[in-house]
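Heads up, the thing below is written out as structure tokens.
The values are calculated or read from the model by the stated rules, or taken from the named source; none is laboratory data. Note that this is a predicted model, so its numbers are computed, not measured. As a convention, Cβ positions derive from the backbone with ideal geometry for all residues, glycine included, and neighbour counts pool all protein chains shown. Keep in mind that these areas ignore ligands, DNA and RNA; they rest on the heavy atoms of the full protein, side chains included. Shrake-Rupley method; radii C 1.70, N 1.55, O 1.52, S 1.80 Å.
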Amino acid sequence: AQSVTQLDSQVPVFEEAPVELRCNYSSSVSVYLFWYVQYPNQGLQLLLKYLSGSTLVESINGFEAEFNKSQTSFHLRKPSVHISDTAEYFCAVSEGANFGNEKLTFGTGTRLTIIP
Amino acid sequence: DVKVTQSSRYLVKRTGEKVFLECVQDMDHENMFWYRQDPGLGLRLIYFSYDVKMKEKGDIPEGYSVSREKKERFSLILESASTNQTSMYLCASSNTVDTEAFFGQGTRLTVV
């Protein structure tokens, strides 16, 4: 069975500083990996995803994540954060688009707080 | 604009009541999901469906049931609501190509 670990429940960061949110997964098969963001009082939105190909994927607002198969990790990074990045971030894994296997398993989330 | 719509943002129900949470998607997605979100626990899968009239138990199905009579609609049913079912409920749908899920705004259910 697949699982996701986000070790950091809360990460405070000064504005314009870099940040890394850690995500490790376990699965016995190839996986698809996702980062979702949840702003206060809103639903979840997709931030970025890895399906195949280049192991480095980027979002439109400056975040990037790198798929590392040997370390079973998919850490999220941003070189310079803004106040507007304050949100909860969820890492998720699915075991691919096979009939009945498409469910997403989520980590427990990391609350990112940007300090002015 | 793609959309997953949950019928209520906030609900307050009494212990023992039967509760229906409705979810509709307009993307013609095959897969639909119900999660509950609790602080410190992330999102936990209750049930999912990969086709009309098909359903699969997720990680925490006890006390819940689901119904999918039409492709666009997936209902979550609390047969007899209890206080430990007070939570945020999130509906999602996805296609079978890349499994990217689209979420509704959530229903915050309080059982008193």
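Observations, loosely collected:
- Every listed requirement among (1) more than 12 Å from the chain's Cα centre (by Cα); (2) farther than 22 Å from residue B:37 by Cβ; (3) surrounded by fewer than 17 Cβ atoms within 10 Å (Cβ to Cβ) is met by residue A:64 save one, (1).
- Test for residue A:72: is it open to solvent by 30 Å² or more (accessible area, probe 1.4 Å) and farther than 30 Å from residue B:9 by Cα: yes
- Residues (open to solvent by less than 40 Å² (accessible area, probe 1.4 Å), in a loop (DSSP other than H, G, I, E, B) and away from chain A (no Cβ under 14 Å)) located in the range B:71-102: B:81, B:82
- When residues of the range B:21-70 are limited to those that are of a type in the set (S, T, N, Q) and closer than 17 Å to residue A:104 by Cβ, the one farthest from the other protein chains (Cβ to nearest Cβ): B:25
- Residue list for the range A:4-19, restricted to those being surrounded by 12 or more Cβ atoms within 10 Å (Cβ to Cβ) and within 15 Å of the chain's Cα centre (by Cα): A:4, A:5, A:6, A:8, A:9, A:11, A:19
- Looking across the range B:1-20 at every residue that is of a type in the set (A, V, I, L, M) and within 14 Å of chain A (Cβ to nearest Cβ), the one that is surrounded by the fewest Cβ atoms within 10 Å (Cβ to Cβ) is identified as B:2.
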